1. Taking Lys226 as the anchor, which aspartates and glutamates have their alpha carbon closer than 17 Å to its alpha carbon, excluding any fewer than eight residues away along the same chain?
2. Would you kindly derive the ³J(HN,Hα) couplings of the range 389-394 from the backbone phi angles with the Karplus curve 6.51 cos²θ - 1.76 cosθ + 1.60 (θ = phi - 60°), listing them in order in whole Hz, with x for Gly and Pro?
3. Using the Karplus curve 6.51 cos²θ - 1.76 cosθ + 1.60 with θ = phi - 60°, work out ³J(HN,Hα) for each residue of the range 334-342 in order, rounded to whole Hz, and write x for Gly and Pro.
4. Anything over 29 Å Cα to Cα? Flag those among Lys184/Lys245; Lys310/Lys349; Lys182/Lys377; Lys246/Lys275, in the order listed.
5. If you take every residue apart from Arg272 with its C-beta less than 15 Å away from the C-beta of Arg272, what net charge results, scoring Lys and Arg +1 and Asp and Glu -1?
6. Give me the distance between the Cα centres of the range 76-98 and the range 177-219, rounded to whole Å.
7. Considering amide H positions built from the backbone, and no H for Pro or chain starts, which residues 5 or more places from Gln124, or on another chain, come under 5 Å of its amide H?
8. Between Asp379 and residues 5 or more places away or on another chain, which pairs have amide H atoms under 5 Å apart, with H built 1.01 Å from N, and which residues are they?
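Derivation of every value follows stated rules applied to the coordinates shown; laboratory data play no part. All of these numbers come straight from a predicted model, not from anything done at the bench. All Cβ positions, glycine included, derive from the backbone under ideal geometry; neighbour counts span all protein chains shown.
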Amino acid sequence: MDDTPSYILPLVSQQQYFLRHLLCQLMLWSSPVGVDLVKLSQAFTKQHYKMLVLGGGSGGIAMSARMKRMLGAENVAVVEPSEMHYYQPIWTLVGAGAKSVASSGRSTASVMPSGVKWVKSKVQQINPKTNTVLLDDGTEIAYEYLIVALGLQLHYERIKGLPEGFEHPKIGSNYSVQTVEKTKKALQDFKEGNAVFSFPNTPVKCPGAPQKIMYLSDAFLRKTGKRESAKVMYYTSLPVLFGVKKYADSLWEIVKRRDIQVTLRHNLIEVRPDKQQAVFENLDNPSETKVIEYEMLHVAPPMGPNLAVKASLLADEAGWLDVNKETLQHKKFPNVFGIGDCTNLPTPKTAAAVAAQSAVLNRTISKILTNEIPDKKYDGYTSCPLVTSYNTVIMAEFDYNLQPLETFPINQAKESRVMYHMKADVMPHLYWHGLLRYVQTWLVLCYEIPPVAEVKVTKSTHITVTELFLLVLVLQYVLREVK
């Protein structure tokens, strides 16, 4: 554990760089290759930021926009190697053929806050004792404060037969941009047999996603007249269908009504693409396995902590970023903060959780910078729009205690058409124009809503997405004011 007081850390960092700069100058005076050493000296002084953000996903971009406003763009840098930024929650609908994969992505350059330094590299090593980060190209960056938003790691390779099995057309996964369209193809090419869906025996991001595609696939097969010759099967490692009882009760009613076979406490351990077989381990009796033939297989892969975080002093015993669950400040290094999937926060890892966390973290950092005690607490809020068909959603919202924490004055455990269009049309707009830009919800109205076909709510009533959007925002604002 680093015993250096939090208020000393910026001074230590400045001293380190002053000494490095002085060393370069001394070498310059005694060396004939002065020009190169001047550049080296400049490089040392440039590679230092008051706020360094690791990761350019939802949490990283959201926080870099907030930090730009708080500290000034010249004091903020973001380390992110990817040229593209994706709104991953929409991949559920991409895999079901309701949205295009192109609609889920934009260039990282377009979402990066203007003026903020974008370092196009991958984090290799995090050294919180020296306040430095080593990149895969050998560059070392120093920071005064660090926000870790590196997400998690997908581990398809932990399932025997994958990832090479994705070369076969009957296997897909909505968890990766490389495999999400394979889900769509497997579904559209389905003829007859078993449609199998898995949930891994690890922490996951968006824990509702594995069963969302199951419900959508069931709806697609019914629509195309193939459901009578199909068996829809869901194998989950969990002992429950969903963690919050209120929503789980509704989901059990749906699977029974739609004749979906649910098997609890079973984990996918092997795929045999040539034989179209999936092998599941009984977690309550590991020596027992089931071999299931499939016509279509959707894989939710095992997931784990980011490797750079896991290898650092910032990780807990399981490898996740070890943060205070209320303030999001690191438990051992007070100038380090975390947000999103990379953390050990005991709440489902979703984009909605990131949105809630960003507001709390912004407040925490503002207090730390003024030597005050953080006063805003994250209650574990997260949301999972459980898509149950091509026009219905159960809007699950809950906290750390798995208690409903709902926004709307309706029973959100019931399937809703309006909530489907919140998921499909409104939330993406709020994401691109609100969360990533640090724009207050009501100001998002200033942006043009992308053209969307008219939304049919009932057989006799129609509203446009714009009208729905206005209604929801006004309602949300009123509810927050009342609270």
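1. Asp189, Glu192, Asp218, Asp259, Glu295
2. For the range 389-394, the Karplus curve yields 6, 7, 8, 9, 9, 9 Hz.
3. Whole-Hz 3J(HN,Hα) from phi for the range 334-342: x, 9, 10, 9, x, 8, x, 5, 6.
4. Distance filter (> 29 Å) returns Lys184/Lys245; Lys182/Lys377; Lys246/Lys275.
5. With Lys, Arg at +1 and Asp, Glu at -1, the net is -3.
6. The two parts, judged by their Cα centres, are 18 Å apart.
7. Amide H neighbours of Gln124: Leu134, Leu135, Asp136.
8. Counting only residues 5 or more places away or on other chains, the set is empty.
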